[in-house]
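Reading through the structure tokens given below for one structure.
The values are calculated or read from the model by the stated rules, or taken from the named source; none is laboratory data. These numbers were taken from a predicted model, which means no experiment stands behind them. Ideal geometry is used to build each Cβ from the backbone, glycine not excepted, and the neighbour counts take in all protein chains shown.
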Amino acid sequence: MVLLDRRAGFRADRVLAGRDERAVGRRVTAGRVVLLAVSVLLGAGVLALVAAGVWLIVTGRLLPPIAAGAALLGLAWVLRPRLGSRKDAVAGGWVLDAGSAPVLRGLVDRAAEKTGAPRPDLLVVDTEFNAWAAVVGFRRTKVLAIGLPMILALSEQQLVALIGHELGHLAYQDGFRRLLEQPARTVFGALSRIVAPPRGDGVDKDLSGLLLMAFTVWQVIAGMVSFVLFSAHLGMFLLAAGEDRRAEVRADSMAVRAGGSRATLEMLDALVLMPGLTDLLHPRVAEGEAAQRWRALLADTQGRRAEFLPVLRQLSMREDASLLARHPSSGRRRQWVSNRPYVDPAVVVTPVEAERLRAELAPLAEQLAQQMRRD
């Protein structure tokens with residue numbers, strides 16, 4: 001099954017890499033229409049659960065209907081859409097503003113201005129080898145988060161391309177799209193877990209007679225229902241993953257506009273090398289030298305492995321391909337960008353800005369090193 005999925009994912013990513021910007025940027029696709037239609041039906045179902053639960057509680061004069069109403073409300077609560085929260089978005093990271101990080105915040109604002117993307121309300125630097133953008137909470141707060149290890153692994157111009165990519169998700173409202181599609185993405189899976197019977201034999205649970213027969217029948221029926229629900233969940237997940245992969249390539253077009261074609265290609269090559277970089281950050285550095293030593297180590301490792309990049313790109317196209325993946329492989333994304341016309345950067349980082357940015361982030365690297373020593 002894994003091999004079949006990898007082959008199918010490889011073909012799907014190859015088709016995606018062959019599409020032009022207009023096809024990638026299309027807002028309405030068959031997959032999205034299906035996801036939205038299913039989400040509308042499931043959302044209406046959740047609202048119906050709420051209405052039925054309230055009606056049973058209000059009109060019920062006996063315990064059974066009141067208990068049934070409470071159960072329906074509980075089920076609706078479990079199936080409710082999640083908006084995310086500001087607290088979770090900033091957990092484990094540093095929230096930076098123009099006062100604490102003027103250079104980094106300035107790069108983000110310039111990239112947003114040059115590309116026409118909305119400016120994030122919160123800029124977070126965390127400790128992960130990752131970057132993401134999302135819109136969270138009832139106030140729909142726009143959050144841009146970049147991992148400090150990721151920043152140290154990239155040049156300043158490559159960082160602009162990465163920022164442009166994440167701003168692309170905000171510009172194309174990918175967070176809003178996922179919110180609308182959330183019922184289709186999650187409800188079937190949640191119901192499958194709720195309905196799934198416990199594992200194990202009834203005899204092992206010391207059941208006998210009618211209880212054993214009833215337990216076995218329940219396992220069979222509930223297991224079949226859970227399987228059907230999981231199959232529906234898998235189908236929705238496959239559609240959603242395809243839309244997410246297209247959104248990643250679409251956001252890469254914004255990376256090119258912000259940081260330029262060259263920096264975007266270099267940034268994607270860094271992502272190809274990333275599996276070999278994640279374990280290089282260690283706490284055994286002299287005080288005050290964490291950022292400098294880590295940056296040098298990451299750059300040296302990337303330089304020594306650069307000759308293997310053509311092979312690693314091809315390997316990522318095959319090993320990371322999957323219909324269940326929400327991102328195309330880094331090698332495939334690089335292929336898509338390399339097939340586009342060359343674009344000069346809209347935001348250029350000067351040597352002075354680069355030095356100021358490094359000085360600005362050095363205290364965060366020291367805090368990360370101290371945290372790693374404690375852990």
message: Can you list residue pairs whose Cβ atoms sit under 6 Å apart, with the first residue in the stretch 273-289 being at negative phi and the second being assigned to a loop (DSSP other than H, G, I, E, B) and of a type in the set (A, V, I, L, M, F, W, C)? Count only pairs 6 or more apart in sequence or on different chains.
response: THR278/PHE129
query: Of all residues in the stretch 339-360, which are in a helix (DSSP H, G or I), among the hydrophobic types (A, V, I, L, M, F, W, C) and more than 13 Å from LEU159 (Cα to Cα)?
result: VAL352, ALA359
message: If the requirement is being surrounded by 20 or more Cβ atoms within 10 Å (Cβ to Cβ) and either over 30 Å from LEU297 (Cα atoms) or in contact with a Phe, Trp or Tyr (Cβ under 7 Å, 6 or more places away or on another chain) (or both), which of these qualifies: VAL143, VAL187?
response: VAL187
task: Output the number of the condition that GLY99 fails; it satisfies all remaining conditions of (1) of a type outside the set (Phe, Trp, Tyr); (2) in a helix (DSSP H, G or I); (3) more than 25 Å from the chain's Cα centre (by Cα).
output: (2)
- prompt: Got a sec? Which of ALA48, ALA37 is surrounded by 12 or more Cβ atoms within 10 Å (Cβ to Cβ), more than 22 Å from the chain's Cα centre (by Cα) and at pLDDT 90 or above?
  reply: ALA48
query: Which pairs have Cβ atoms under 9 Å, sit 6 or more apart or on different chains, and link a residue in the stretch 114-132 that is more than 25 Å from PRO363 (Cα to Cα) and surrounded by 21 or more Cβ atoms within 10 Å (Cβ to Cβ) to one that is among the aromatic types (Phe, Trp, Tyr) and modelled with pLDDT under 95?
result: ALA117/TYR172
- request: Exactly one condition in (1) touching a Gly at 6+ places or on another chain (Cβ under 8 Å); (2) more than 21 Å from VAL160 (Cα to Cα); (3) aliphatic (A, V, I, L, M) is not met by VAL272; state its number.
  value: (2)
field: Residue identified as touching a helix residue (DSSP H, G or I) at 6+ places or on another chain (Cβ under 7 Å) and part of a helix (DSSP H, G or I) among LYS87, LYS114
entry: LYS114
message: Quick check on the stretch 57-91: of everything there that is within 20 Å of ARG140 (Cα to Cα) and aliphatic (A, V, I, L, M), which residue is surrounded by the fewest Cβ atoms within 10 Å (Cβ to Cβ)?
response: ALA91
